[in-house]
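The values are calculated or read from the model by the stated rules, or taken from the named source; none is laboratory data. What you are looking at is a predicted structure, and each value in this text was computed from that prediction instead of being measured. Because the Cβ atoms are built from the backbone with ideal geometry, glycine has one as well, and the counts that use them run over all protein chains shown. Areas reflect the complete protein model, heavy atoms only, side chains present, ligands, DNA and RNA absent. Shrake-Rupley method; radii C 1.70, N 1.55, O 1.52, S 1.80 Å.
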There are 2 protein chains.
Amino acid sequence: MPKKKTYHHGDLKNALIKAGVEILAQDGVSGMSLRKVAMKAGVSHSAPYSHFADKQALIAAISTEGFRQLYERMSAVAEEYNSQPSKQLIEAAWAYVQFALDDPDRFKVMFSGILEKEKEYPEFVAESQRNFQLVKSIVELNQAAGILRSGSSDLTALSAWGIIHGFAMLLLEGQIPHAILELKSLRKLVEFQLKQIMLA
Amino acid sequence: MPKKKTYHHGDLKNALIKAGVEILAQDGVSGMSLRKVAMKAGVSHSAPYSHFADKQALIAAISTEGFRQLYERMSAVAEEYNSQPSKQLIEAAWAYVQFALDDPDRFKVMFSGILEKEKEYPEFVAESQRNFQLVKSIVELNQAAGILRSGSSDLTALSAWGIIHGFAMLLLEGQIPHAILELKSLRKLVEFQLKQIMLA
DNA sequence: CTACAATCTTTACACTGTCAAGATTGAGAG
DNA sequence: CTCTCAATCTTGACAGTGTAAAGATTGTAG
């Protein structure tokens, strides 16, 4: 599919999202300007305003796309280990942490409040809720198997998410003491975290 | 203590940090510009450069100050309930979440990677480690009392921190479904989170 | 084929972080 | 007490930012 060099780009909206993700990975959050994104997409600096109300809207779109990919990864793992609840839980958590490590800046954008008024972006809200539903279903399977404490699956899902999310966050921000990181592999640390809330 | 209107401010460094915290609380992360901070401190727009190498350095100072206050709050609670391990744990966690809620934007600045090269600010690193040490000591007390699983106190402290930090983060970002928030008080939710990793 | 609406460009503006050069001043040396 | 200097603060400038307004281009519906 060769890129046509017409006045109308054809699929600028997605091209901008893609360019944004790339610049994010390359230059970090503070290095991602609308103008750079536009230039990378081969378009004038205010062309983005035909597709996004402002920079926040582009960030919302990037975040939403990120949630979609996160869902893909975790749901793939969940399906693969559908018959082994505890393994499903651990592998999904590992996928979550890997996702964070693969593209730390996008992960930060998704979760660190760079996006300020999330409620104004319904797609973003829907996609993030879809992820929570996935976690919840994994948790429920583990509760049924006696691996996680029974009780509100919402609250327990929140615990599971929280413990892994907290770990990922502290990891990305370098807040985890080096001594700990040298002690065990990341993978083992994730398992350790989860085992704190697992019964068996 | 009347403010003298001299050419030399006298304590501009601390005044800038204070002004920064105030603007942060008022206008949010994206609204905190160096120039606004300088104006609020009653000083020209590039005066800050006599005390901070760049904007990141001011942010580092604000974060460091934040960690100091967080430590104060948690250690006060820890001392108060020094003879009741489980209560000490819960109250310290509650203090942590309250700190996050009292000034969400400062909390975000401290933990959300707005500060990009933390390692270059040794005071920041020291202060954040001091907090972790405090958590560790609380955890160790609870391990000794059979309330938390025994084993590496570093790793267990990481779990406790992670589960509460994750909760606080999801809370601040509005990622916690409303249904859950309506179900229980925040205080009860924090307890619920911790009880996931508590034995008794 | 034509008109319109969507898309993209150009131009402009206020604001940002940062730097360089100069003004002011407090404090120590003599 | 005076001189001097280094620390501190101001002024002025610059490139880069987000965004709004007005105009140019073009695919497409009628």
| query | Near B:Lys87, which aspartates and glutamates are there with a Cα under 15 Å away, not counting those fewer than 8 places off in the same chain? | reply | B:Glu79, B:Glu140, B:Glu191
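Quick one: putting +1 on the C-beta of Lys and Arg, -1 on the C-beta of Asp and Glu, what dipole do you get for chain A around its Cα centre, in Debye to the nearest 20? Don't skip to the end; give the middle numbers.
Details: 23 positive and 22 negative charges, 84 e Å.
Rounded to the nearest 20 debye, it is 400 debye.
I need the shape label for the protein assembly as shown. Rule: rounded when a/c is under 1.5, else prolate if a/b > b/c, else oblate, with a, b, c from the alpha carbon gyration tensor. Could you put the intermediate results ahead of the total?
Numbers: a/c = 2.05, a/b = 1.09, b/c = 1.87.
It comes out oblate by the Cα gyration axes.
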| task | Using a cut-off of 10 Å between beta-carbons, work out the net charge of the residues near B:Gln26 (Lys and Arg +1, Asp and Glu -1, B:Gln26 not included). | result | -1
| Signed unit charges on C-beta, dipole axis of the protein assembly as shown, positive-most listed residue A:Leu16, B:Ser83, A:Val97 | A:Leu16
| Where q = 0.23 Å⁻¹, what log10 of I(q)/I(0) comes from the Debye formula for region B:1-52, counting one point per Cα? | -0.83
| request: Using a 1.4 angstrom probe, figure out how much accessible area region A:56-195 has per residue, in square angstrom, rounded to the nearest whole. | output: 39
| Using alpha carbon coordinates only, what is the Rg to Rh ratio of region A:1-99, with Rh defined as the Kirkwood radius? | 1.13
| field | Length-normalised contact order for region B:1-149 - Cα pairs under 8 Å, 6+ apart - percent | value | 24
| task | Within the set of other residues whose C-beta is less than 11 Å from the C-beta of B:Thr64, count the net charge using Lys and Arg as +1 and Asp and Glu as -1. | result | -2
| remark: Per the Kirkwood formula over distinct C-alpha pairs, the hydrodynamic radius of chain B in angstrom is 18.4
| Given springs between every Cα pair under 10 Å in a Gaussian network model of chain B, which of B:Lys40, B:Lys119, B:Lys55 has the largest fluctuation? | B:Lys119
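Which value, in square angstrom to the nearest 100, describes the accessible area buried between chains A and B on both sides, using a 1.4 angstrom probe?
Details: alone 11450 and 11490 Å², together 19390 Å².
The contact between B and A buries close to 3600 Å².
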| query | If each of A:Lys188 and A:Glu116 carries a label point 7 Å out from its Cα toward its Cβ, how far apart are those two points in nm? | reply | 4.5
| query | For region B:75-138, what is Rg from Cα atoms divided by 2.2 N^0.38 Å, rounded to two decimals? | reply | 1.26
| Structure shown: which of B:Lys36/B:Lys136; B:Lys136/B:Lys188; A:Lys108/B:Lys36; A:Lys117/A:Lys188 lie over 29 Å apart, alpha-carbon to alpha-carbon? | B:Lys36/B:Lys136; A:Lys117/A:Lys188
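What net charge is computed for the residues neighbouring A:Lys136, neighbours being all others with C-beta under 14 Å from the C-beta of A:Lys136, Lys and Arg scored +1, Asp and Glu -1?
Neighbour charge sum, excluding A:Lys136 itself: -1.
Based on alpha-carbon positions alone, could you give the equivalent ellipsoid semi-axes of region B:89-200 from the gyration tensor, as √(5λ), descending, whole Å? Can you show the working numbers first?
On the way: eigenvalues 106, 95, 20 Å².
So the equivalent ellipsoid measures 23, 22, 10 Å along its semi-axes.
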| region B:1-52 - percent of accessible surface contributed by carbon and sulfur, probe 1.4 Å | 56
| request: Mind telling me which of A:Met39, A:Met169, A:Met74 comes out most flexible in a GNM of chain A, alpha-carbon contacts under 10 Å? | output: A:Met39
